[in-house]
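Shown next, in structure tokens, is the structure this report addresses.
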């Protein structure tokens, strides 16, 4: 929780304007252009857009307590998260996720998770460069929530969980550390 508060404080003090951050990230292979999500889902309830400068600052702050995590943050170029609560998940929204998925596949991204059920649509893609991951993208549509995540950087596969945990993002089911803490927030 302290890390989250520190991160929010740092974002509000140091973050570049969102458009400038977005433009700076577009040149990296792990970047995904989600287009105009707001026009489809409304205003996000949570939006995180952290660029390399802020991630470097977080890396420096965490170096003493956790050098391994600090090194990881040095290699990240950006983290983008948009969460929309109570969206209208229409056929158009489902088609949109399928369209973005198709574009990612054409650009060499590998699909690692696909869920097609009546009440849930989930896509997880990874952009590989040799044995390292240059980007991770998660798109999830549920009845009461739509989530879009893009992690951009030079990651080793064994570090992926650390990145997602640092931003409190669940991947692949549940987070054992937080199962009992959901009501505390």
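Some points to look at:
- Scoring 90-99, 47-56 by mean Cβ neighbours within 10 Å over their residues and listing the highest first yields 47-56, 90-99.
- Label point 7 Å beyond Cα of residue 142 along Cβ direction - residues of segment 95-114 with amide nitrogen under 17 Å: 114
- With R₀ set to 30 Å, the beta-carbon distance separating residue 68 from residue 88 gives a calculated FRET efficiency near 0.10.
- Calculated FRET value between residue 116 and residue 43, using beta carbons and R₀ = 25 Å, to 0.05: 0.35
Read-outs throughout are calculated quantities, based only on the coordinates presented, and are distinct from any laboratory measurement. As the structure is a prediction and not an experimental result, all values here were calculated from the model. Using ideal geometry, Cβ is built from the backbone for each residue, glycine included, and neighbour counts are taken over all protein chains shown.
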